[in-house]
Amino acid sequence: MLGAVLLPGVAADIYRWVDEKGRTHVSDVVPPRYADKAVRVDTSGSAISSEDLRAAQERAARERQLLEEQRADARREEEAAARAQSQQSAGALTAPRQGPTESECAAKWRAFWASQECFAPFVKGAGRRRGAHVSEEAYLYCKSVPDPSSECSIPTVRRW
């Protein structure tokens, strides 16, 4: 169904019908016994504008880039942990870790900002003030990322 919204030129026709029990069904495939009762649904109003599509594609590209950066950071952390473990098991002393590195903090801030940007169109109510809420639909498209300010200093320049 998402494809019907995102790609209206490729989307199949959508039909609605009511069965013997009074339940309404919506699908692109109508069972033969309901073919005479099915009504084609006009989905032209749900077509996405090219501007919204482009914005969604850009947002998705940023999310993919962020995900790749997070994966690379995770791989580096795993490798560092494995090296530390092997050094420790070999009898070498290692200093305890003091917190996230600068690059880890930068990645955390990028993830947080991307999350905030994704959720922003879904905020309803009084903005950031009390009473505002995020629509449930946002969680279908956006990943909730915790604010990293408790473990990382706030950067003076926002870098993407």
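Any idea how many residues of the range 16-55 are within 30 Å of Ala114 (Cβ to Cβ), without any contact (Cβ under 8 Å) to a residue 24 or more places away in the chain and of a type in the set (A, V, I, L, M)? Qualifying residue count for the region: 1. When Ala84 is tested against (1) among the aliphatic types (A, V, I, L, M); (2) under 33 Å from the mean Cα position of the chain (by Cα); (3) modelled with pLDDT under 90; (4) outside any loop (DSSP other than H, G, I, E, B), only condition (2) is not met. Residues in the range 22-62 that are of a type in the set (Asp, Glu) and not in a loop (DSSP other than H, G, I, E, B): Glu51, Asp52, Glu58.
Is it the case that Val29 is modelled with pLDDT of 90 or more, touching a strand residue (DSSP E or B) at 6+ places or on another chain (Cβ under 6 Å) and aliphatic (A, V, I, L, M)? It is false that Val29 is modelled with pLDDT of 90 or more, touching a strand residue (DSSP E or B) at 6+ places or on another chain (Cβ under 6 Å) and aliphatic (A, V, I, L, M). Do we find a residue being more than 21 Å from Pro148 (Cα to Cα), at pLDDT 80 or above and in the same structural domain as Ala55 (by TED's automatic domain parsing) anywhere in the range 91-112? Looking through the range 91-112, none of the residues is more than 21 Å from Pro148 (Cα to Cα), at pLDDT 80 or above and in the same structural domain as Ala55 (by TED's automatic domain parsing). Does Val157 count as assigned to a loop (DSSP other than H, G, I, E, B) and at pLDDT 85 or above? The answer is no for Val157. Pairing each residue of the range 61-85 that is closer than 16 Å to Ala107 by Cα with any residue that is basic (Lys, Arg), provided the two are 6+ apart or on different chains, yields C-beta distances under 6 Å for Leu66/Arg110.
The values are calculated or read from the model by the stated rules, or taken from the named source; none is laboratory data. Note that the structure is a prediction, hence the values are computed from the model and not measured. Positions of Cβ are backbone-derived with ideal geometry, glycine not excepted, and every protein chain shown enters the neighbour counts.
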